[in-house]
Amino acid sequence: MCGIGGIFAYDPSAPPVDSSELDRIRDHMAARGPDGAGSWIAKDRRVGLAHRRLAILDLSDAAAQPMASDNGNTVLTFKGEIYNFRALRERLEAKGRSFRSDGDTEVLLKLYEEEGAASVKSLRGMFAFAIWDERRQGIFLARDPYGIKPLYYADDGKTFRFASQVKALVAGGSVPTDVDPAGAAGFLMTGSVPEPFTFHRAIRSLEAGETLFVDARGARRERYFSLAETLHRTSREPRDDRDLGAIVGEALRDSIRAHRVSDVPVGMFLSAGIDSGTLVGLMSETGARSIDAITLDFAEFRGTRQAEAPLAGLVARQYDLRHHLHEVSYAAFEADRARILHAMDQPTIDGVNVWLVSKAARAAGLKVCISGLGADELFGGYSSFSDVPRWVRRVSRLPISRLATVGARGASLLHVPLHPKALALVALGGTYPGAWFVRRGLFMPWELPELLGTEQARIGLERLDLFRRIEETTKPDPGTPFGRVMLMESSLYMRNQLLRDADWAGLAHSVEIRVPFVDRVLFERLAAPLAATEGSKKSLIAASLNTPLPQTVLDRPKSGFTVPLDAWQSRIRFGGNKRRVAGVRREHWSRGWARGLLAHAVG
C-alpha cells in the first residue's frame, strides 16, 4: 500500500509542472509509504507522477515507482494490491512478455500495455493508479470496484492534479480550499462525506469502479463495475441453507487465500465477534502459521458485552495466535487526539477505533492486517436489513408523510421538544432511500440551517441531492428487500465511512488493512443467492470453519467494533458536552462529535 500523486498540465497555456509542488503532494503522504519515495517528470515538464512506497510485494528496488515501461511509452504510479497478479503474469508471459521484478506493479503496467483501459476488468484486489500514456498523450486513472482505495483529483480547466489524500492536494499549495456546502451537508447528514464530493469544492473523488482519462480535450469518466448491475446480472434462484453454506465456505476460503498474498507477515484485527474469529480460523485452516492478532481493551467496556478481550483471548488460544492485547485509556486517546485529527483526511464520526488498533499493530511490527469489515453488508448483519423493509411497508401505507415533513421542520425551527428522528420516520420512511437514511442518518435535512446557515444549507442540500444518490445505488432494482439494503449499506455506509476510515486510519501508521469480505469475486459468487433470501445469514460465516469457534463467541450479541467516545465525550473540549435535546433525552455522542469535527475542519 502506498501514496500516489501527480500533476498534468494538459492545456498549452498552463505552466509546466512545478517539481516542488509535486514533492509537497508526495511527502504529505509519507506515512503511507515510509519505505521509499520517487517521482518522474516528463522531458517537456507537462506531466509528473509521484509515489510513496510501503513495500509489501517484492521488497527490492526493482519494484520502485513510478515505474516506466521498457520502451518508456507508459509510466505508472500505483497503490494497492493485485491479488491475482501471478495468474495475470502467467497470462502475459504466454503472450511473450518478460519481467524484471516479482511483484504486482510491473504486471499491472504490462497488462495496461497489452489491454488498455479494459485491463481493469481483470484485476482482483484493492487499487487506485494512474498511468501516463505517451502514445495517447493522456493520463489514465482507475479505482477498484468497491472503492477500497480512494483517489482524489482537482481540475482547474488547465491543470489536472490527483492524489491519494485530499489533504495532500491541499498541501501542494495550488488547489483552492473553499468548503463545499454539499460535502459539509453530506457529512452532517451521514457522518462522512459522500463521494464524489469532498470537503473542498475544488476537489472531487473518483468513484468506485470508475476510470478517468484526461488529455488536452479534458476529462472523461467511465464506469466499469457496479454492485447493482453485477447483482442484477448474476441473479439466480434461492438456495437452501445447506447448499448455500457449502458455497459460502468455498468462496470465503478462496478469498482468504487471495488476501494472504504477501512478502511480509499478515496479521489480524481480532475482536470478540464472529467475523474476525472466522477469518483468523480460515487463515489457520488455509496454511497460515504464527499469526499475530491485535485486540483493543478499554476499561470503560470491562464487564459489559462490548468488552473484546476475554472472548478474543479464547479465539487466540484456540488457534495458537500471538495475541497482542492493547489497553487504551482516555488519557492515551487525548494524548493522540491531535494526531488523529491531523491524519483524518476528511471529517468522519468514525475511524478512531481503526486508528488505535492500527497503532497497536504497528507497535507489534506489522505492516499488513486483515479485518472483518464488510461481512455485515454482505450477510445481513445489521438491524437495517429487518428495520428498513418493515418501516417501508408500514409507513408507505400512511397518508400523512407530507404533513410529517412539514411538522418536523416546524418543530426544529420552533425548538419543540422532539427527538430529531421522531417525525423523520413518518416523513421519509415510506421509501427505501428514506428509510435507510432514517436508520443511518445523523442530522435531518431540516436541522442543517441551524448548523450551516440557511443559504449554505440550501446550496448544500441541492448539490448533494442525497436521496436521489441513495436511490441510484439500487438501480437496477435487485427485486428483494435484502438485496436493496445490501446495496445501500455497501455503496454508502461501507464505502464512504468504513472503507475510507480504514484507509486513512491504517495508513497513518503505515499499516495496510485488507478486507476479504470486500472482494469483487466474492460478491459475484455470493451476493445473488444471499439477496434471494430473507433474514441474516451471518451464521453461514462461522459454519464455514472445520473447527467451530467457542460457543460463547457464537452466542455473543452483536456490539460492533467501537471506542468509548460516548463515555469520553464530556471530557473532549470541542464537540461539546453532552446535552439534552429540548429537554427530552440525552443527545447521541456522535452528533456532538460531528459538530466539533465540523468546527475543526472549517477552522
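Some notes on this structure:
- For the range 154-169, the set of residues classified as touching a residue at least 60 places away in the same chain (Cβ under 8 Å), within 22 Å of the chain's Cα centre (by Cα) and outside any loop (DSSP other than H, G, I, E, B) consists of Arg161, Phe162, Ala163, Val166, Lys167, Ala168, Leu169, listed by residue number.
- Exclusive hit being at pLDDT 95 or above and touching a Pro at 6+ places or on another chain (Cβ under 7 Å), set Leu111, Leu151, Leu123, Leu76: Leu76
- For the range 335-349, the candidate set comprises residues that are small (Gly, Ala, Ser) and within 25 Å of the chain's Cα centre (by Cα); within that set, the residue that is surrounded by the fewest Cβ atoms within 10 Å (Cβ to Cβ) is Ala338.
- Count of the range 210-240 residues which are surrounded by 14 or more Cβ atoms within 10 Å (Cβ to Cβ) and of a type in the set (Asp, Glu): 2
- Any hit, the range 556-572, residues being of a type outside the set (A, V, I, L, M, F, W, C), under 26 Å from Asp243 (Cβ atoms) and either surrounded by fewer than 20 Cβ atoms within 10 Å (Cβ to Cβ) or touching a residue at least 12 places away in the same chain (Cβ under 8 Å) (or both): yes
- The single condition from (1) open to solvent by 10 Å² or more (accessible area, probe 1.4 Å); (2) modelled with pLDDT of 95 or more that Glu512 fails is (1).
- Close contacts from the range 364-382, counting a first residue that is within 16 Å of Pro265 (Cβ to Cβ) and touching a residue at least 40 places away in the same chain (Cβ under 8 Å) and a second that is acidic (Asp, Glu) and assigned to a strand (DSSP E or B), with Cβ to Cβ under 7 Å and a gap of 6+ residues or different chains, come to Ala364/Asp292; Leu366/Asp292; Lys367/Glu512; Val368/Glu512.
- Only one of the numbered conditions (1) under 26 Å from the mean Cα position of the chain (by Cα); (2) closer than 28 Å to Lys367 by Cβ is not met by Ile7, and that is (2).
- Criterion (of a type in the set (Gly, Ala, Ser), outside any loop (DSSP other than H, G, I, E, B), buried (at least 21 other Cβ atoms within 10 Å of the Cβ) and out of contact with any strand residue (DSSP E or B) (no Cβ under 6 Å at 6 or more places or on another chain)) met by exactly one of Gly277, Gly267, Gly245: Gly277
- Checking each residue in the range 40-61 for being closer than 19 Å to Tyr153 by Cβ and either without any contact (Cβ under 8 Å) to a residue 40 or more places away in the chain or not aliphatic (A, V, I, L, M) (or both) picks out Trp40, Ile41, Arg46, Gly48, His51, Arg52.
- Of the residues making up the range 170-209, just one is open to solvent by 10 Å² or more (accessible area, probe 1.4 Å), under 25 Å from Lys121 (Cα atoms) and assigned to a strand (DSSP E or B), namely Arg204.
- For the residues Ala94, Ala128, Ala87, Ala64, the requirement of being under 21 Å from Val261 (Cα atoms) and without any contact (Cβ under 8 Å) to a residue 24 or more places away in the chain singles out Ala87.
- Test result for Leu366, out of contact with any helix residue (DSSP H, G or I) (no Cβ under 8 Å at 6 or more places or on another chain) and of a type outside the set (D, E, K, R): yes
- Flag if Ile7 is open to solvent by less than 50 Å² (accessible area, probe 1.4 Å), assigned to a strand (DSSP E or B) and closer than 22 Å to Val170 by Cα: yes
- Selected residue [open to solvent by 20 Å² or more (accessible area, probe 1.4 Å) and more than 18 Å from the chain's Cα centre (by Cα)] from Ala332, Ala361: Ala332
The values are calculated or read from the model by the stated rules, or taken from the named source; none is laboratory data. Owing to the predicted nature of the structure, the values given are computational and were not obtained by experimental measurement. Using ideal geometry, Cβ is built from the backbone for each residue, glycine included, and neighbour counts are taken over all protein chains shown. To get the accessible areas, we keep the full protein, side chains included, count just its heavy atoms, and leave off ligands, DNA and RNA. Shrake-Rupley method; radii C 1.70, N 1.55, O 1.52, S 1.80 Å.
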